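The values are calculated or read from the model by the stated rules, or taken from the named source; none is laboratory data. What you see is a predicted model; the values in this text were computed from it and never measured. Every residue, glycine as well, gets a Cβ built from its backbone with ideal geometry; the counts of neighbours run over all protein chains shown.
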Amino acid sequence: MTAQNLKWNEIHNGIWRAKIGNEQPISLLKAAEVKPDTEALDNLSGVTFPLDKTKISAEVINGKTYLRFPLQKEEELYGLGLNFKTHNQRGRILNLHVDHYGNGDSGRTHAPVPFYVSTDGYGVLIDAANYLTVYAGTGVRVDADEKPVLRDRNSDPKWEAQPYSDAVEILVPTDGTEVYVFGGKSMLEVVQRYNLFSGGGYLPPKWGLGFTQRVPTLFSANDILKEVADFESHDFPLDFIGVEPGWQTMSYPCTFEWEETRFPDPQGFVSTLLDKGIRSNLWINPYVSPVGSLYSKVKPLSGSHTVWNGIVPDLMLEETRNLLKEHFFENHLKIGVSGYKIDEVDGFDQWLWPDIATFPSGTSAEEMRQVYGLLVQNMTSKWFREMNQRTYGLVRASNAGASSFPYVIYNDYYSHKDFITALINSSFIGVLWTPEVRASKSAEEWLRRMQTVCFSPMAMLNAWADGTKPWSFPEVEAQVRDVAQLRMRLLPYMYTAFAQYHFEGIPPFRAMQLLEGFSFRSKKIEGKLDGTDNPYAGHKTKEVRYQYMMGDAILVAPMFIGETSREVVLPKGKWYDFYTGTFVGEEEIITIEPGLDNIPLFVKNGSIIPMTETRNRAPRTDEKMDLTIRHYGDIEGQFTLYDDDGVSFDFEKGQFSQVEIKVKKDKSGQFKGHILKPEKGKPYGYNKKVVWEYMTQN
């Protein structure tokens, strides 16, 4: 099959699909059961096919599919999985394979999404549930359109170990696949299209954006209730509790049934938490223990190999999913459990089923590895949707098409800087990631980690092994409380950002490259030719690192242990300090010395930031909050505040409010704020009382 007979069909506004070879029985998008938001896609600008079709090639040889897409000279490529150390993926070889992250960006990671987005304004998705090999501008063909310059290493100092490549080439180990191309007037619009094609981003319940504490493994109901009381005595936010493996009669493998000595009254325990405004989230992995009542029912519908002596349910089978649903409803959902932490669906190889395993559905072990995280997310999210109840949880594996699922990825790795790199990279591939906190060696590290987790999709302290508390370092307890309460105060702003994710496909936390006016590119810096350690060392890439946007207006620039200063790259326009409103710079690189107490935050000129009062719980559906509305900069601004009931899916039926907030200058040149009334009959959780803060003018 050649470029001349590759047929591209525009299936949605700005999205094209081509089929190569034979259709596969399972793919990533089939596993996720994506339902594109066609109305939202139609609202995006119209674009033409963004690539030269004559330079795209696809052919099937000996049962394998070979794909080739063109690259221009200065293009940068982002995406291709949840990477922890790099952003720009051009010049890298990646083996996209669901796995626990192994301290290197090899492609083996928790979300090896085969989607990349280019600075030239397009994206490419390979919808294959297989281990893919991606040569992202590394292979040089003899018949390349743009050949690299021939250099003599003996005499030319510009010789490079990796010559220039004008193509992305992908090996798919099947006799066919489907490929999608996404167009856009910017990188952000491409990402929007991808997220909306996947159904739109997930809008969590308001309680999901509060603080969560995951308790030690063998905590009992009484231990957990004492933990809740400790949070109250320390005046610390808490919206949901993570209950770890000891809640079950057996785990690793699991029964999914309550252990009676630690939890003699599960319903009473869950109800007591709910009465306090706190939700419960249960740890699980999907491998069924022989001592549980579910085992005999699911065994005929499970794979040939075990994981930790537990059988692996074949989630491709409806009968399997129905049995799990019945069991989970009876033991968890009916008594008020609000969500799950889904562990161990990623790797390592020696822990999961081997690639020689078989499954009753006929799905290969490789395919099952690539889609299992999608299948379990899809299955469990449907349970809560059936109850018209939003959930929010954690998962260790995901893939393409997951934007609409109510899960945040996490792992057991623990590099603070790499966590922030992953948070940034997650915005290119339609997943959410949390830089969770577990333990620290010093008060400084503790505070820095707590600051960044409070500016991420899930503010989580994971104390399952260490028993840490937010106040474990008393010398910084006040600062930790301050940043947690700042997150709670920013709930109106953050919830609106997640609404944008759902309705418009805009990631709530996103890379600087997705911001209009961000002109800073990766730069090649000279590498050192060292004949002993690495005779083929070449150029290295210097990237904009460790800063990102939360919503449209707030730039987050985390600090790390040992740092007293850092550089921040400011995009186009004027930027202001969040805490003081003072001007800090305009389209430039600044150096800041922020001190330890606060995480550096900067706000775009003319921005409006709606906030609420200090509180330790997300609001109830019948509760009204006061608004404080901040304005930054020297120009007028506007903001559309989103709200709904915060718990149900009724917003999908139009039960939500969008209230316009504007700040304009009056005749004397002073700023004055205006907020419109919400539409009658629509949910709106704010009082008429508004406090206006003009941060820069004051």
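General observations
- Within the stretch 471-522, the set of residues being touching a helix residue (DSSP H, G or I) at 6+ places or on another chain (Cβ under 9 Å), closer than 17 Å to residue 556 by Cβ and small (Gly, Ala, Ser) comprises 484, 511.
- Every listed requirement among (1) free of Cβ contacts under 8 Å to residues at least 60 places away in the same chain; (2) within 12 Å of the chain's Cα centre (by Cα) is met by residue 449 save one, (2).
- Once the stretch 359-392 is narrowed to residues that are out of contact with any Asp or Glu (no Cβ under 7 Å at 6 or more places or on another chain) and aliphatic (A, V, I, L, M), the residue that is farthest from residue 650 (Cα to Cα) is 368.
- Answer from 566, 510, 545 - the residue that is surrounded by 14 or more Cβ atoms within 10 Å (Cβ to Cβ), under 29 Å from residue 432 (Cβ atoms), modelled with pLDDT under 95 and basic (Lys, Arg): 545
- Selection count where residues are more than 19 Å from residue 317 (Cα to Cα) and surrounded by fewer than 24 Cβ atoms within 10 Å (Cβ to Cβ), scope the stretch 379-390: 6
- Test: residue in the stretch 77-100 that is surrounded by 23 or more Cβ atoms within 10 Å (Cβ to Cβ), closer than 19 Å to residue 52 by Cβ and among the hydrophobic types (A, V, I, L, M, F, W, C): yes
- Among the candidates 203, 196, 188, residue that is in contact (Cβ under 8 Å) with a residue 60 or more places away in the chain, part of a loop (DSSP other than H, G, I, E, B) and under 25 Å from the mean Cα position of the chain (by Cα): 203
- Restricting attention to the stretch 399-420, the residues that are more than 10 Å from the chain's Cα centre (by Cα), buried (at least 24 other Cβ atoms within 10 Å of the Cβ) and hydroxyl-bearing (Ser, Thr, Tyr) total 1.
- Total residues in the stretch 429-439 satisfying the condition of being in contact (Cβ under 8 Å) with a residue 24 or more places away in the chain, assigned to a loop (DSSP other than H, G, I, E, B) and under 17 Å from residue 407 (Cα atoms): the figure is 6.
- Members of the stretch 97-124 found to be within 15 Å of residue 425 (Cα to Cα) and touching a Phe, Trp or Tyr at 6+ places or on another chain (Cβ under 7 Å), listed by number: 101, 105, 109, 110, 115, 116, 117, 123
- Residue satisfying condition, being part of a strand (DSSP E or B), touching a residue at least 24 places away in the same chain (Cβ under 8 Å) and not aromatic (Phe, Trp, Tyr), within set 218, 171: 171
- Any hit, the stretch 450-472, residues being acidic (Asp, Glu), surrounded by fewer than 24 Cβ atoms within 10 Å (Cβ to Cβ) and closer than 30 Å to residue 660 by Cα: no
- For the stretch 349-378, the candidate set comprises residues that are among the hydroxyl-bearing types (Ser, Thr, Tyr) and in contact (Cβ under 8 Å) with a residue 24 or more places away in the chain; within that set, the residue that is surrounded by the most Cβ atoms within 10 Å (Cβ to Cβ) is 372.
- Test: residue in the stretch 607-617 that is aliphatic (A, V, I, L, M), in contact with a helix residue (DSSP H, G or I) (Cβ under 7 Å, 6 or more places away or on another chain), assigned to a strand (DSSP E or B) and modelled with pLDDT of 95 or more: yes
- Selection over the stretch 173-191 of residues that are under 24 Å from residue 517 (Cα atoms) and surrounded by fewer than 19 Cβ atoms within 10 Å (Cβ to Cβ) gives a count of 2.
- Test: residue in the stretch 327-344 that is assigned by TED's automatic domain parsing to the domain that holds residue 239, farther than 30 Å from residue 649 by Cβ and either of a type in the set (Gly, Ala, Ser) or surrounded by fewer than 16 Cβ atoms within 10 Å (Cβ to Cβ) (or both): no
- Of all residues making up the stretch 648-671, the number that are farther than 24 Å from residue 202 by Cβ and surrounded by fewer than 15 Cβ atoms within 10 Å (Cβ to Cβ): 8
- A single member of 415, 426, 442 is touching a residue at least 40 places away in the same chain (Cβ under 8 Å) and closer than 30 Å to residue 199 by Cα, and it is 426.
- Residue selection: residue 104 fails the criterion of being of a type outside the set (Lys, Arg), within 24 Å of residue 183 (Cβ to Cβ) and assigned by TED's automatic domain parsing to the domain that holds residue 184.
- Residue count, the stretch 471-522 (criterion: within 22 Å of the chain's Cα centre (by Cα), hydrophobic (A, V, I, L, M, F, W, C) and in a helix (DSSP H, G or I)): 12
- In the stretch 493-504, the condition of being outside the structural domain of residue 660 (by TED's automatic domain parsing) and at pLDDT below 95 is met by no residue.
- Per-region count, the stretch 9-49, residues within 25 Å of the chain's Cα centre (by Cα), farther than 18 Å from residue 65 by Cβ and not polar (S, T, N, Q): 15
- Flag if residue 2 is of a type outside the set (D, E, K, R), exposed (fewer than 14 other Cβ atoms within 10 Å of the Cβ), out of contact with any helix residue (DSSP H, G or I) (no Cβ under 6 Å at 6 or more places or on another chain) and modelled with pLDDT of 95 or more: no
- Annotation: of all residues in the stretch 132-150 being of a type in the set (A, V, I, L, M) and touching a residue at least 40 places away in the same chain (Cβ under 8 Å), the one that is farthest from residue 112 (Cα to Cα) is 136.
- Residue under evaluation residue 212, criteria (1) crowded, with 24+ Cβ neighbours inside 10 Å; (2) out of contact with any helix residue (DSSP H, G or I) (no Cβ under 9 Å at 6 or more places or on another chain); (3) assigned to a loop (DSSP other than H, G, I, E, B), criterion not met: (3)
- Residue tally, condition under 19 Å from residue 96 (Cα atoms) and touching a residue at least 60 places away in the same chain (Cβ under 8 Å), over the stretch 387-409: 9
- Applying the set (1) part of a loop (DSSP other than H, G, I, E, B); (2) touching a Pro at 6+ places or on another chain (Cβ under 9 Å); (3) surrounded by 14 or more Cβ atoms within 10 Å (Cβ to Cβ) to residue 161 leaves exactly one unmet item: (3).
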